[in-house]
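In what follows, a single structure is set out as structure tokens and then discussed.
A short reminder: the numbers here are calculations on the coordinates, not readings from a lab. Note that the structure is a prediction, hence the values are computed from the model and not measured. In this analysis, Cβ positions are derived from the backbone assuming ideal geometry, glycine residues included, and neighbour counts consider all displayed protein chains.
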Amino acid sequence: MEDLKGTGNSGEEQESEDNNGKYLNPTPILDELVDGKWPSFIKGFKDFGERTEKPMVRGVLDQLEYSYKTKMGYWKGGLVTVKGYGAGIITRFSMIKDKFPEAKEFHTFRVQPAPGLHYNTKMLREVCDIWEKHGSGLITMHGQTGNLQLQGIEQDKTQECFDELNQAGWDLGGAGATVRTAASCVGPARCEQACFDNLKVHEKVLKYYAGMTHRPEFNYKLKFKFSACPNDCANAIMRADVALIGTWRDSIQIEQEYVKEWMDEYGEDALFDQVVNMCPTKAISHKIGTSTIEIDNKNCVRCMHCINVIPKALSPGKERGASLLMGGKNTLKVGVNLGSMMIPFMKLDTDEEVEEFIELMDEIFDWWDENGLDHERVGETIERVGMKQFLEAVGIEANIDMIVRPRDNPYYKKHYDSAV
Amino acid sequence: MEDLKGTGNSGEEQESEDNNGKYLNPTPILDELVDGKWPSFIKGFKDFGERTEKPMVRGVLDQLEYSYKTKMGYWKGGLVTVKGYGAGIITRFSMIKDKFPEAKEFHTFRVQPAPGLHYNTKMLREVCDIWEKHGSGLITMHGQTGNLQLQGIEQDKTQECFDELNQAGWDLGGAGATVRTAASCVGPARCEQACFDNLKVHEKVLKYYAGMTHRPEFNYKLKFKFSACPNDCANAIMRADVALIGTWRDSIQIEQEYVKEWMDEYGEDALFDQVVNMCPTKAISHKIGTSTIEIDNKNCVRCMHCINVIPKALSPGKERGASLLMGGKNTLKVGVNLGSMMIPFMKLDTDEEVEEFIELMDEIFDWWDENGLDHERVGETIERVGMKQFLEAVGIEANIDMIVRPRDNPYYKKHYDSAV
Amino acid sequence: MNAPSERTWKTVESGPHTLEGALHPVVVKNYGKWKYHKLIKPGVMVHYGHSGDALYTVRAGTPRQNTVDLIRQICDLADQYADGFMRFTIRNSVEFMFSEESRIDPLINDLEEIGLPVGGIANCVAPIAHTQGWLHCDIPATDASGVAKGIMDNLYAEFKTLEMPNKVRLSTSCCSINCGGQADVAIIVKHTRPPRIDHAKLSTLCELPKAVARCPVAAIRPTIVNNKRSLMVDEEKCIVCGACFGACPSMEINHPEHSQFAIWVGGKNSNARSKPQSMSLVAEGIPNNPPHWPEVNDVVGRILKAYKAGGKPWERMNEWIDRIGWKRFFEESELTFEIDMIDSYRHARTTFNQSAHVRF
Amino acid sequence: MNAPSERTWKTVESGPHTLEGALHPVVVKNYGKWKYHKLIKPGVMVHYGHSGDALYTVRAGTPRQNTVDLIRQICDLADQYADGFMRFTIRNSVEFMFSEESRIDPLINDLEEIGLPVGGIANCVAPIAHTQGWLHCDIPATDASGVAKGIMDNLYAEFKTLEMPNKVRLSTSCCSINCGGQADVAIIVKHTRPPRIDHAKLSTLCELPKAVARCPVAAIRPTIVNNKRSLMVDEEKCIVCGACFGACPSMEINHPEHSQFAIWVGGKNSNARSKPQSMSLVAEGIPNNPPHWPEVNDVVGRILKAYKAGGKPWERMNEWIDRIGWKRFFEESELTFEIDMIDSYRHARTTFNQSAHVRF
Ligand code: SRM
Ligand code: SRM
Ligand code: SRM
Ligand code: SRM
Ligand code: SF4
Ligand code: SF4
Ligand code: SF4
Ligand code: SF4
Ligand code: SF4
Ligand code: SF4
Ligand code: SF4
Ligand code: SF4
């Protein structure tokens, strides 16, 4: 048996003899998660294991039970890929395969779904069938990055399984130092707030970067996320190195008759408490006794709040596009970093506009390649090297929207004429 | 002639011959500052120079004129002190004394005035007479730290001049790595907002630290400032390593009849616009049609605003004391640093309470002595070594008022039991 | 890497699946032309197009860690009620869309039948964003799916009713890296003990310079153990971040007791009203107690109860706290502020109260 | 150090002068028992004690850099009108206090006679806090007193009338150290060129390690020049802070052209309403042009004009900007935002706009 991580408590041997005619071994601790009102993944796994009698499912449940008992994890990484790719499969070997030989391998395909996670039943059933044939039959929908995760396959089945998936129109997502699978909110498909066609841009951009998704050539991972308005339902600001967030440049559209309708239903107090006084910049005014509101659009910061409250009466303006924010990432090493405003407004309607965006991205990636360190996210590189250096290198114009305040220290050196 | 700093432009020689019978040399550039409606220090200096015919005043004006012409300064430091002291005189020798021999020496006494900068004419006339006798007769009232600055004396006159001043009740202030002269707002002497007797505390604390004011034994300078309420008229938060700022712990005192008086004069709209809606935490409420206000004292952050607007109706509570903030300083090296809340409330009424504060300070100075680097202000040391380390070492209890938010990263190591 | 003997298919690097064919016809017709939406009841809303079309959405929670059997059941319902289409949300709910109001209740009925609760729209607790845990990851200290299940069991009613001031997003992560993302309430493993080095493994398994480079505070130093080059950790400096463990499995940071939970509040990504905000540490040292994690559940419950009672309509967690102040947040949630909650990392200074503003 | 031949006096280390004897009798009687105050007119206010006593204050600006002659004139007026007492304010104004209302106007008259303008109380421009400059300091790049005089000449009317939204505090400093402190509008020398080293002077004058240690970005390195140990500056790294010059006069950072002015706004120390706040850079590269500094005056004038027109009652400079946003501040003040105004120092990240909030 391999050396266990950390704990001294190595647990007793599994007793898989008498089992009341069940295929799976007893997992008394896990079974405590079968009940309760929220859908149980354990119940799902067990029912499925009993039906299909897949040894891998049994082994993985056994190892998971053991983890619950010892409070330690027992997977280790490795490198399994398909032909021509350097990424897309998360490799998992059991560290205690002598104990749980059926769990020896448990690799995962990261598969890129359609933008917005839309499916028809035909395509999804097809995935299920391929997956039940070659893999464990366990599926995560979806991983936090947005992949359809097919969890549990043995190394020698990966290529044939991938080939079948690929023939059905599916491709792998990123892992390691690649462009990663992107995520988008539902956007114009069903949302009245959408300010740009994030699904189209997502598809176009990620197809362009398919090669960079499959082969790790960056300093570190790079994620795109596309939210079609500032509500940011895709969490782009925190979870994406490159976030496109929809916005508008002109005035909020108001239909006063629906303001009245809302006021008639909820009252004038509610209009004050929930709309007027909740605007972060006090850009909304309402005269007592009237049934209209007025918006000072110069002072509106496009936060969406008023529109969210009365969507029937208020809508984003007509001149729509997206803001580019960069540098979002989670906790590792520098602490959570939210994306920073880089370009307040870009039009992304035409193919040319999207291509321009891609060109800018190419430029930025080149800069990052040259200036980044190993395992450094692009936002970290920008922070370490300096915003000014970054902007000048990639040709983004400095603008006051990039910051919440100008500097409070005089510690910079502007370009000076040393001849004087 | 000594080497001049920077500029190549070394100017022509002074023409001090024909001078229309004036004692002073022509200073055409400075003379442009004689007119204008604001009181002119140049006019003052020149009138005084003509009356007293002090060569030092003439020389200093000549050198100043030269600075205005060449846009460079020409003083350098040195070390002049009085017996037993290591600080208190800012030493100035001219770097171009060959050019302006009368300006060869121009040392400054930093003299500690009474807290709150109160004077009677007798004591001030006495200073003037001593100073005219031994020194240049130029006085700055006051330096930004709060010293009465007697500007311009020669080294060989310093001791006798100081002795006379000291006999009249005056002592020198700090300079270099010492406790510095403190500053206080007018406080209970004339201000209805005063929450503690800052003038008394100032006097007591600075007298206690007189020795440390005169001999540079610290890592770097340390300033006290005492503002008797959160309006902080002494700028303590930014300009003092140790700031005591008055506050109260119970409820704001309201006399509703004067609220009404104010409303009758300025109107109900003004009550909303200038009081209710300007409270930073929305702790004030007013029902339309009534003439009273209500304050949610649990949510009041003691900002002073409402009290400032209607001082007749509102006053700080009855349970008064001071907050201790630490680490304020200006720009050098780390950028401006405002003082950080350390102890939200201390009583400072009795001598014992003031002594307790002094004991805490002694403890803090010991810690700083041990942990600080050369030329590091105490706030910088706290930041570098860590707030937790500091608090634990000096025995201040961690409290939520010290921060605007808990940490957003998990990067700390708490004390752990390695036996487990 | 191995491949089947005869491979005739040449990989198409197609990236994301195309959207074409994946959208409901009513969606296609009204694409980008929606006018407004209305909540109908918990888990059900309707969107109206400028065309006048109505599109009903029924949303149900899922276990996220699914099986093909469950997906097939979902497909059955999609065929039956939603013309063969469905989508999944950012928080792993499944959504069925259709234009016939009459289908709503039967669908809800059938969903609940197969164990998928309908709810999660608008001012309620949405499903927890969680991570791999012991089921799959190579560095976890807990099983995020298990923790999430335990919490959602407890908050089931809050998923199905609309009694919160605004949306409540939760997340759970099995190490400090926090793949689950920040949230109104985030439940995240927090290591408390510097890594112990397995010197035997290290010399064979890890690139030494890589682990050294990974440490953000330069706490890892080369050393010699048993005549082999190895590493040591300066425990004074180490901030227990776990970055080295990700680079090198011999830097063992996981431990059944020393790897505990911390709870964070006020993370917000939307721009509505207040700006997006990173979350704050409000409870720590919570034991990792499978399979029910009662201590975690207790703290989460107290926080949500206080928010539910105190928040005003539309106020997110961070906005509620901002209004009442941190002191009162700790009081109302019955939590204790501790010295380690004071930031000590790179931008610590910017979190200090550099004012005399104080609440008593 | 030298001393007179026969010294009989033994120094009393008394610290601050005692307050005793320095306070007006009405002050002594009502000490700590004031009830409220009222503004009477520009530069004049009255404080009422709980005792019923009234204490009038007349405040006048001074040049700060005074002579004993001016102080004696002030003493004369104090004797005549204020029973022999006076005080000075934090901003170098002089205050006369007394209980006889009838003395107000004659005192004002006599003050203006000797050139001291009455004003500066409440919502107006108070006297500039300024520093030593060429008159006395060893590291200045300008004459702060001169700049201050020029500005106050221009703002004289704003000192004597009450037309500003709230108090306006200005400061001027002759190097980036900023002894003048932060302010609503601060006018501060900003060096733009790394120090030039005078190697001849350096080897005799300075302790090398001290200068090296003083640099916050480790831009100073030991080197050998003409066979002597000296220093060199890595100009790439140098942030032109001037800290080395304070430690070692051979690190020449001052220059008639390269030492320019920068203008900062929104510094606030009071806790009223908003928290105290550090100020922000809004104009730079302004030439150092004695004796009238017209370019500086121009920028200050534009900022104050915009604030005067746009601020609401009680809104300090920072609060006005906060309400209208930085973009509009630059527009209304007719200033240009420049790339160097983006922070690049230690906590730069915390000043980035990490949100989608944006004004168009
Ligand atoms: C599977 C997934 C969690 C889940 O259960 O959903 C996951 C799992 C892992 N993440 Fe993650 N991350 C997942 C989404 C995220 C997210 C959320 C997102 O993408 O929206 C984040 C935060 C956003 C970000 O990118 O920062 C995230 C931040 C990280 C980090 C920290 C990165 C940082 O710079 O702060 C690491 C560590 C690293 O990269 O070295 C990491 C590393 C990992 C690794 C590869 C651990 C490792 O180094 O071996 C995990 C593999 C687990 C496994 O066995 O599959 N994972 N990870 C998510 C990917 C599924 C998918 O592809 O759809
Ligand atoms: C005289 C005065 C300016 C004035 O005209 O009023 C002044 C003048 C000098 N200051 Fe200052 N500072 C003066 C108040 C301040 C203040 C304001 C205050 O105390 O309220 C500050 C900001 C608060 C603070 O302490 O940070 C201040 C922050 C500095 C600094 C930066 C310290 C820092 O850590 O950021 C230095 C540089 C140093 O100490 O190395 C400095 C250094 C100096 C030196 C000693 C320059 C030097 O290193 O040689 C100047 C001597 C000038 C001279 O010839 O007299 N002076 N200095 C003020 C003292 C007068 C007095 O004692 O009453
Ligand atoms: C379906 C989904 C997008 C998707 O493509 O999957 C979605 C859909 C909608 N979001 Fe969202 N949001 C979705 C995740 C999010 C997220 C991200 C997340 O949950 O991880 C956020 C950011 C949360 C945060 O700040 O951390 C998010 C912040 C919002 C907001 C802003 C809420 C606020 O006040 O802060 C709105 C506005 C509103 O609630 O009216 C919104 C509004 C909406 C609306 C009303 C938009 C519309 O008009 O159709 C949609 C239904 C509301 C609902 O679910 O209550 N959506 N929404 C996501 C549903 C997740 C789920 O299953 O629960
Ligand atoms: C005399 C003086 C204290 C002293 O001991 O010298 C003083 C005296 C008073 N201050 Fe002050 N303040 C004095 C400097 C300050 C300073 C510091 C400074 O100017 O350098 C501040 C902090 C400024 C800042 O934020 O940077 C200051 C912030 C206040 C405030 C808060 C203003 C705000 O809204 O932010 C008030 C409240 C008010 O104005 O009603 C205040 C109120 C007052 C009152 C009304 C207090 C009272 O009830 O007597 C006094 C007369 C008001 C006036 O001058 O308008 N005092 N006051 C100082 C006069 C300086 C001068 O000559 O102009
Ligand atoms: S981010 Fe905006 S456009 Fe996208 S789903 Fe959310 S509310 Fe709709
Ligand atoms: S979108 Fe936000 S900022 Fe703009 S008016 Fe509405 S509430 Fe105010
Ligand atoms: S700080 Fe407060 S107590 Fe002191 S003078 Fe100013 S307002 Fe009065
Ligand atoms: S003192 Fe400030 S915080 Fe307190 S009630 Fe008055 S305005 Fe509000
Ligand atoms: S949070 Fe940590 S342990 Fe959990 S999946 Fe992500 S990397 Fe793995
Ligand atoms: S846990 Fe983090 S801080 Fe500690 S040694 Fe590892 S990488 Fe360094
Ligand atoms: S600001 Fe600089 S130059 Fe001016 S007095 Fe202070 S230290 Fe000297
Ligand atoms: S000016 Fe500042 S940054 Fe430049 S060398 Fe000197 S100390 Fe270093």
(request) Give the shape of the range B:126-222 as rounded, prolate or oblate, defined through the alpha-carbon gyration tensor: a ≥ b ≥ c are the square roots of its eigenvalues, a/c under 1.5 means rounded, and otherwise the shape is prolate if a/b is larger than b/c and oblate if not. (result) oblate
(request) Could you work out the mean count of beta carbons from other protein chains within 10 Å of each residue's beta carbon in A:40-50? (result) 5
(request) Please get the size of the charge dipole for the protein assembly as shown, origin at its Cα centre, with Cβ charges of +1 on Lys and Arg and -1 on Asp and Glu, quoted in debye to the nearest 20. (result) 520 debye
(request) Just add up the charged neighbours of D:D105: K/R +1, D/E -1, any other residue whose Cβ is under 13 Å from the Cβ of D:D105. (result) -3
(request) Pop out the ³J(HN,Hα) list for the range B:267-282 in order, Karplus 6.51 cos²θ - 1.76 cosθ + 1.60 with θ = phi - 60°, rounded to Hz; leave Gly and Pro as x. (result) x, 6, 4, 5, 4, 5, 5, 9, 10, 3, 7, 9, 5, x, 10, 6
(request) Using only Cα atoms, figure out Rg for the range B:20-149 and give it as a multiple of 2.2 N^0.38 Å. (result) 1.13
(request) Would you mind working out the magnitude of the charge dipole of the range A:213-338 relative to its Cα centre, with +1 at each Lys and Arg C-beta and -1 at each Asp and Glu C-beta, to the nearest 20 Debye? (result) 1020 debye
(request) Step through the residues of the range C:67-73 one at a time and calculate ³J(HN,Hα) from phi using the Karplus curve (6.51 cos²θ - 1.76 cosθ + 1.60, θ = phi - 60°), rounding each to whole Hz and writing x for Gly and Pro. (result) 10, 4, 4, 5, 4, 5, 4
(message) Taking loop as defined by DSSP and a crowding limit of 14 other beta carbons within 10 Å, which GluC sites (Glu not before Pro) in the range B:327-420 fit?
(response) B:E397
(message) If you take every DSSP beta bridge fully contained in chain B, what fraction is antiparallel? Give it as a percent rounded to 5.
(response) 80 percent
(message) What's the whole-number percent of alpha carbon pairs in the range A:107-180 lying beyond 18 angstrom?
(response) 32 percent
(message) Using Cα springs under 10 Å in a Gaussian network model of chain C, which residue among C:N297, C:N289, C:N227 shows the largest mean-square fluctuation?
(response) C:N227
(request) Give the relative contact order (percent, whole number) for chain A; include only Cα pairs under 8 Å separated by 6+ residues. (result) 11 percent
(request) With springs only between Cα atoms under 10 Å apart, run a GNM on chain B and tell me which of B:K37, B:K260, B:K282 wobbles the most. (result) B:K37
(request) Using only Cα positions of the protein assembly as shown, each an equal point scatterer, no hydration layer, compute I(q)/I(0) via Debye at q = 0.04, 0.07 Å⁻¹ and quote the log10 values to two decimals. (result) -0.30, -0.86
(request) Using only Cα atoms, find the angle between the long axis of helix B:121-134 and the longest principal axis of chain B, and express it within 0 to 90 degrees, rounded to the nearest 10. (result) 30 degrees
(request) Give the value in nm², to one decimal: projected area of the alpha carbon convex hull of the range D:15-60, averaged over all directions. (result) 4.1 nm²
(message) How big is the dipole moment of the range C:196-252 about its Cα centre under a simple scheme where the beta carbon of each Lys and Arg is +1, that of each Asp and Glu is -1, and everything else is neutral? Debye, nearest 20, please.
(response) 180 debye
(request) Provide the packing ranking of A:332-345, A:80-93, B:138-151, i.e. peptides ordered by the mean count of other C-beta atoms within 10 Å per residue, highest first. (result) B:138-151, A:332-345, A:80-93
(request) Would you mind calculating the relative contact order of chain C from Cα pairs under 8 angstrom and at least 6 residues apart, reporting the percent as a whole number? (result) 12 percent
(request) Compute the acute angle (0 to 90°) between the alpha-carbon long axis of helix D:294-310 and the principal axis of greatest extent of the alpha-carbon atoms of chain D; round to the nearest 10°. (result) 60 degrees
(request) Using a 10 angstrom cutoff on alpha carbons, build the Gaussian network for chain A and name the most mobile of A:P115, A:P28, A:P55. (result) A:P28
(request) In nm to one decimal, list the spacings between the B:D351 label point and its equivalents in the other copies, with label points set 7 Å along Cα to Cβ, shortest first. (result) 9.1
(request) Specify whether the C-alpha gyration tensor of chain A places it in the rounded, prolate or oblate class, a ≥ b ≥ c being the square roots of the eigenvalues: rounded for a/c under 1.5, otherwise prolate if a/b is larger than b/c and oblate if not. (result) prolate
(request) Rounded to the nearest Å, what's the spacing between the alpha carbon centres of the range C:315-360 and the range B:226-302? Just the number, please. (result) 22 Å
(request) For every other residue with a beta carbon closer than 15 angstrom to the beta carbon of C:A60, add +1 if it is Lys or Arg and -1 if Asp or Glu, then tell me the sum. (result) +2
(message) What is the sum of charges, Lys and Arg at +1 and Asp and Glu at -1, for the other residues whose Cβ falls under 15 Å from the Cβ of B:V186?
(response) +2
(request) Tell me the distances, shortest first, between C:P216 and the same position across the other copies, using label points 7 Å along Cα→Cβ, in nm to one decimal. (result) 2.2
(request) Using the Karplus curve 6.51 cos²θ - 1.76 cosθ + 1.60 with θ = phi - 60°, work out ³J(HN,Hα) for each residue of the range A:348-353 in order, rounded to whole Hz, and write x for Gly and Pro. (result) 9, 7, 8, 4, 4, 5
(request) Could you tell me which of the pairs C:K38/C:K312; C:K190/C:K268; B:K298/D:K38; A:K414/C:K268 are separated by over 27 angstrom between their Cα atoms in the structure shown? (result) B:K298/D:K38; A:K414/C:K268
(message) Quick check on packing: order C:188-194, C:209-215 by the mean number of other C-beta atoms within 10 Å, highest mean leading.
(response) C:188-194, C:209-215
(request) Report, in cubic angstrom per residue, the convex hull volume of the C-alpha atoms of the range A:53-102. (result) 93 Å³
(message) Using +1 at the C-beta of Lys and Arg and -1 at the C-beta of Asp and Glu, which of C:A243, C:S230, C:A218 has the Cα lying farthest in the positive direction of the dipole of the range C:196-252?
(response) C:S230
(request) Quick one: check the C-alpha center-to-center distance for the range B:377-420 versus the range B:122-142, whole angstrom. (result) 49 Å
(request) Can you figure out the FRET efficiency of C:L39 with C:Q80, using R₀ = 41 Å and their beta-carbon distance, to the nearest 0.05? (result) 0.95
(request) Could you tell me which trypsin sites (Lys or Arg not before Pro) in the range D:232-332 are loop residues by DSSP with no more than 15 other beta carbons within 10 angstrom of their beta carbon? (result) D:K237
(message) Placing the label point 7 Å from Cα along the Cα-to-Cβ direction, what are the distances from A:L79 to the equivalent spots in the other copies, shortest first, in nm to one decimal?
(response) 6.4
(message) Averaged over its residues, how many other protein chain Cβ atoms are within 10 Å of peptide B:60-67's Cβ atoms?
(response) 3
(message) Can you compute the modelled spin-label distance between D:A213 and A:N297, with each label point 7 Å from Cα toward Cβ, in nm?
(response) 6.1 nm
(request) Using only Cα atoms, find the angle between the long axis of helix B:158-167 and the longest principal axis of chain B, and express it within 0 to 90 degrees, rounded to the nearest 10. (result) 50 degrees
(request) Distance between Cα centroids, the range C:88-106 to the range D:18-56: provide it in whole Å. (result) 73 Å
(request) Could you tell me which Cys residues in chain B have no other cysteine's Cβ under 4.7 Å from their own Cβ, answering none if every one has a partner? (result) B:C128, B:C161, B:C191, B:C195, B:C229, B:C279, B:C300, B:C303, B:C306
(message) Using just the Cα positions, wrap the range B:28-70 in a convex hull and report its mean projected area in square nanometres, one decimal place.
(response) 2.9 nm²
(request) Quick one: work out Rg over Rh on the C-alpha atoms of chain D, Rh as Kirkwood radius. (result) 1.03
(message) Can you find, among D:A186, B:M361, C:G266, the residue sitting farthest towards the positive end of the charge dipole of the protein assembly as shown, where Lys and Arg contribute +1 and Asp and Glu -1 at Cβ?
(response) B:M361
(message) Give me the percent relative contact order of the range D:280-353, please, defined on Cα pairs under 8 angstrom at least 6 residues apart.
(response) 34 percent
